[in-house]
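Novice: What follows is a single structure, and I will ask about it in a moment.
The values are calculated or read from the model by the stated rules, or taken from the named source; none is laboratory data. Not measured: the values here are computed from a predicted model. In this analysis, Cβ positions are derived from the backbone assuming ideal geometry, glycine residues included, and neighbour counts consider all displayed protein chains. Only protein heavy atoms, including side chains, enter the accessible area calculation; ligands, DNA and RNA are left aside. Shrake-Rupley method; radii C 1.70, N 1.55, O 1.52, S 1.80 Å.
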Amino acid sequence: MMVVIFLFSAQSSSQLPNFDWADKFVKKGGHVIGYAILALLYWRAFEFKRNKRWVAWLLVLLYASTDEFHQSFVPGRHPTIWDVMIFDNLGALISLWLVARHRKQKRPAPSRPIV
């Protein structure tokens, strides 16, 4: 996923498609989805341990920050902290929350001793 994100951000602005009226929505949605997937993959690498969820989130923000820095070297692109703090962060938080909620619901209820 990191390679996919890197390849998208390595494209100059002239190589990126224009989605007309939906351009910002599609591109910012790509940030949300890409970093949501990355967060899940990081957490999966930590075997979905509850105490590692925030480590996965932090790794996403670190990678997003380096990706924005990388964009400063790509013609026609510019880094923006808002992509990291809003769109990348939002994708990571939503996906981690949804998976944590799903995993919590899947856990069997603790058995109670019969008295």
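Novice: Which residues, taken from segment 20-62, are assigned to a loop (DSSP other than H, G, I, E, B) and touching a Lys or Arg at 6+ places or on another chain (Cβ under 9 Å)?
Specialist: Phe46, Phe48
Novice: To continue, here is another question. Out of the residues in segment 68-114 that are assigned to a loop (DSSP other than H, G, I, E, B) and among the charged types (D, E, K, R), which is modelled with the lowest pLDDT?
Specialist: Only one residue tops the list, namely Arg112.
Novice: OK, next. Being within 15 Å of Tyr63 (Cα to Cα) and small (Gly, Ala, Ser) is the filter here, so list the residues in segment 1-31 that pass it.
Specialist: Ser9, Ala10
Novice: Yes or no: segment 5-19 includes at least one residue that is assigned to a loop (DSSP other than H, G, I, E, B), among the aliphatic types (A, V, I, L, M), open to solvent by less than 40 Å² (accessible area, probe 1.4 Å) and farther than 26 Å from Arg103 by Cβ.
Specialist: No, that holds for no residue.
Novice: Working carefully through the options Phe48, Phe87, find the one that is on the phi > 0 side of the Ramachandran plot and either surrounded by 12 or more Cβ atoms within 10 Å (Cβ to Cβ) or touching a helix residue (DSSP H, G or I) at 6+ places or on another chain (Cβ under 6 Å) (or both).
Specialist: One residue alone meets the criteria, Phe48.
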